[in-house]
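Right, one structure below, let's go through it.
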Amino acid sequence: MKKSHSRIMIASISVIIVMSALYFTFTEDIIAQQEDTVFVTHSGSVIKTTGEIIDPVYSTLLNPEYTESTVEFDPMEYLREFNYGKVSQLPDGTTLREFTIIAEDDKIMEVSPGVFFNVWTFNGTVPGPTIRATEGDIVRINFINNGSKPHTMHFHGIHPAEMDGVFEIVGQGGGRFTYEFEAGPVGVHPYHCHVMPVEEHIVRGMYGVYIVDPKEGRPAADEMVMVLNGFDTDFDTENNFYAANSIPFYYQNNPIQINTNELIRIYVVNMVEFDPINNLHLHANLFYYYPTGTSLVPSFYTDMITLSQTERGIMEFEYEYPGKYLFHAHKIEFSEKGWVGIFQVNDNPDQKSQLEIEYGT
Ligand SMILES: [Cu+2]
């Protein structure tokens with residue numbers, strides 16, 4: 001009896017010693033992680049983090065201020081929200097579209113339930129607002145950098161060198177720059193910050209979508225924007241979460257409502273860093289695909305596209321049968337870490353196939 005008692009005692013003491021050792025090692029690790037870290041990225045560039053390191057598990061313990069989101073972002077609202085700017089006419093009749101974009105780098109976003117991450121933002125959200133214009137319009141962006149680091153806006157598309165947002169660094173604490181260019185070419189393009197290290201400014205969230213419509217327009221459709229993105233919350237140059245429009249599993253838990261025989265048009269942009277490719281697979285259907293959206297004639301009829309960084313395009317499809325359909329990364333690791341969604345297709349018996357009406361297919 002006595003012997004087994006002392007055995008239990010010894011076992012308990014050993015457990016306590018091991019646990020304490022583990023605790024201190026762990027805590028030291030976490031504290032060490034809070035200091036500036038220098039690491040070499042997958043692409044070979046040397047990065048020094050300028051923000052605080054937030055361990056997703058211990059964020060609450062070490063950074064009690066990071067327990068509340070300061071970002072208001074609704075993926076369902078973002079999905080179909082297009083910003084056309086303040087519209088006026090120039091003396092020669094050209095349409096001028098003015099946008100104000102404010103950069104900040106102190107926002108906290110709940111990027112996954114319970115995981116609070118310091119994002120860098122355009123107009124307070126990740127992704128930033130979807131900017132939309134028609135080919136030939138003048139786009140004027142009044143850019144204000146209210147952040148604590150230099151930032152810029154670099155638009156993909158065609159514009160003069162000084163409007164490229166690369167060498168004209170906009171200083172922190174209220175720096176301003178006006179980007180002005182003619183909208184073009186037709187298509188879907190990303191915009192993002194281009195201050196070094198660019199990788200960090202992108203993975204922190206400084207990106208958005210810029211759509212240029214053809215003058216003649218595209219056929220009416222239920223239009224959506226999907227930014228394929230991820231978050232590296234522990235700064236090891238690997239993403240911890242993946243998503244369409246920032247929040248992992250959001251459209252799986254909140255299916256996107258669409259109707260049978262209605263033309264769906266998705267502007268899809270891949271902004272995932274670190275991983276060389278991303279992809280998108282649509283279930284029980286195929287879609288017409290316009291790479292970069294620059295042509296009005298689709299290049300592919302497929303159920304699967306593969307996209308590298310900033311690669312993008314326009315998808316068009318409709319569902320014939322009502323029901324619940326998945327769409328997700330066919331890189332299964334990404335879908336298991338959040339990049340998965342559902343279309344809830346509602347029956348719309350009076351609607352004739354819009355694909356057939358618009359394209360004769
Ligand atoms: Cu930046």
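Applying D = kT/(6 pi eta Rh) to the stretch 119-246, where Rh is the Kirkwood radius over alpha-carbon pairs, T corresponds to 4 °C and eta to 1.567 mPa s, the Stokes-Einstein value obtained is 84 µm²/s. Each residue in LEU280, LEU286, LEU326, LEU355 was given a count of other beta-carbon atoms within 10 angstrom of its own, and listing them fewest first yields LEU286, LEU326, LEU355, LEU280.
Dividing the C-alpha radius of gyration of the stretch 75-359 by 2.2 N^0.38 Å, with N its residue count, gives 0.99.
When each of THR233, THR100 is scored by the number of other beta-carbon atoms lying within 10 Å, the sequence from fewest to most is THR100, THR233. Arranged from fewest to most other beta-carbon atoms within 10 Å of their beta carbon, SER246, SER335, SER88 become SER88, SER335, SER246. Scaling against 2.2 N^0.38 Å puts the C-alpha radius of gyration of the stretch 201-297 at 1.22. May I ask you to derive the FRET efficiency for TYR359 and ILE144 from their Cβ-Cβ distance with R0 = 51 Å, giving the value to the nearest 0.05? The formula returns an efficiency of 0.75 here. The Cα atoms of the stretch 227-361 cover 52, 33, 17 Å along the three principal axes, with the biggest extent listed first. In this rough spin-label picture, where each label sits 7 Å from Cα along the Cβ direction, the SER295-TYR321 distance is 3.2 nm.
Read-outs throughout are calculated quantities, based only on the coordinates presented, and are distinct from any laboratory measurement. This structure is a prediction, so every number in the text was calculated from the model and none was measured. Cβ coordinates were reconstructed from backbone atoms using ideal geometry, including for glycine residues, and neighbour counts include every protein chain displayed.
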